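Quick notes on the structure that follows.
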Amino acid sequence: MAGRCHSPQHLFNELTIASPVDITPRLTLTLWQGLGWSPEVVPINTPRTNPLDAHLVDALAASASSTRLEAALAVGARPDPALLDTLVARCAVEPDFFVRDMLTWALTRLPPAITVPRLRAQLCSENARARSQALHTLSKVGDASAWPALTRSLLRDSDDEVARSAWRAAVALVPDGREKDLAEELATQLGRGDREVQLSLSRALVALGEAVEPMLRAATGSDDPGVRAHASATERLLRDPDAGFELAVDEARRLVALGGERGLGQRADR
């Protein structure tokens with residue numbers, strides 16, 4: 001079709017230039033026509049017919065990721081509660097990052113009153129991707145009623161991707177006055193995983209602001225050099241959010257190695 005995006009990356013980039021809620025009926029029509037449909041252009045909340053829903057369900061499971069991406073965009077552009085279970089189920093198995101993010105956006109277009117309970121149920125799934133994506137979507141929905149579902153077991157999940165999603169969701173949903181409690185829990189994960197995992201935790205801790213400072217100070221005195229280095233790097237990011245994490249970690253490890261029992265609170269003599 002004329003003007004059709006040729007890749008999921010292209011379509012995703014175009015979508016994020018403007019807010020998704022501003023998608024025009026013309027764009028929606030163009031996407032539908034690319035999938036072989038020609039519905040009339042109607043307001044975004046107008047109910048669809050069952051035959052079109054069937055096409056969308058099939059397209060969400062198509063072999064081509066570009067087709068799945070377009071279908072997810074079409075669903076989000078004209079939200080239909082009848083497709084809630086289909087979207088949630090697809091999130092649990094979708095292999096493409098951009099499609100998963102589009103599915104999340106489509107879910108945020110539905111009423112939280114029906115979306116949040118369905119997503120919370122996914123947090124008990126044995127499927128790590130289902131838990132991770134449900135957490136990610138809950139963070140985007142931003143409904144405070146999801147907070148009690150962010151349990152200690154999720155924040156300490158053995159799957160790194162689930163834990164990272166739980167940290168981000170917790171920071172997004174933490175109620176006023178509970179930041180200290182969350183900071184204490186997140187600090188138990190200092191030193192965990194590779195640099196990507198540690199960066200995710202550091203960003204979550206930094207987002208909590210002053211509430212995390214006592215926990216980081218305590219962690220710099222840990223017997224575990226990995227915990228000390230991670231805590232020190234996070235302290236540096238807290239003081240200077242523009243500091244590069246890689247440099248902060250390298251500097252922290254250097255101080256751990258040189259500082260010995262003097263601790264990271266004092267800079268080793270050069």
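The values are calculated or read from the model by the stated rules, or taken from the named source; none is laboratory data. Treat the numbers as computed from the prediction; the structure is a model and nothing was measured. Here Cβ is always computed from backbone atoms with ideal geometry, including for glycine, and neighbour counts include all displayed protein chains.
The C-beta contact set for region 179-192 (first residue closer than 17 Å to S158 by Cβ, second residue outside any helix (DSSP H, G or I) and among the acidic types (D, E), distance under 9 angstrom, 6+ apart or interchain) comprises L190/D224; G191/D224. Residues in region 83-102 that are part of a helix (DSSP H, G or I), in contact with a Ser or Thr (Cβ under 8 Å, 6 or more places away or on another chain) and among the aliphatic types (A, V, I, L, M): L84, V99. For region 140-199, how many residues meet the condition of being more than 19 Å from L107 (Cβ to Cβ), surrounded by fewer than 18 Cβ atoms within 10 Å (Cβ to Cβ) and of a type in the set (S, T, N, Q)? Final tally of qualifying residues: 4. In the set V99, V171, V116, V93, only one residue is of a type in the set (V, I, T) and in contact (Cβ under 8 Å) with a residue 60 or more places away in the chain; that residue is V99. Residue by residue through region 74-110, note down the ones that are surrounded by 23 or more Cβ atoms within 10 Å (Cβ to Cβ) and over 19 Å from the mean Cα position of the chain (by Cα). Hits for region 74-110 are A74, V75, R78. When region 172-209 is filtered for residues that are out of contact with any Phe, Trp or Tyr (no Cβ under 8 Å at 6 or more places or on another chain), in a helix (DSSP H, G or I) and farther than 17 Å from L237 by Cα, the ones remaining, listed by number, are A172, E179, K180, D181, L182, E184, E185.
From S158, S145, grab the single residue that is within 30 Å of T220 (Cβ to Cβ) and among the polar types (S, T, N, Q). Spell out the reasoning first.
Details: S145 fails: within 30 Å of T220 (Cβ to Cβ).
S158 is the lone residue from the list that is within 30 Å of T220 (Cβ to Cβ) and among the polar types (S, T, N, Q).
Filtered by the rule that a residue be in contact with an Asp or Glu (Cβ under 9 Å, 6 or more places away or on another chain), more than 17 Å from D101 (Cβ to Cβ) and part of a helix (DSSP H, G or I), region 72-82 gives a lone residue, A82. Return yes when S158 is among the polar types (S, T, N, Q), part of a helix (DSSP H, G or I), without any contact (Cβ under 8 Å) to a residue 60 or more places away in the chain and closer than 21 Å to S200 by Cβ and no when it is not. So S158 does not fit the description; no. For region 225-243, filtered to residues that are in contact with a helix residue (DSSP H, G or I) (Cβ under 9 Å, 6 or more places away or on another chain) and in a loop (DSSP other than H, G, I, E, B), the residue that is modelled with the lowest pLDDT is A243.
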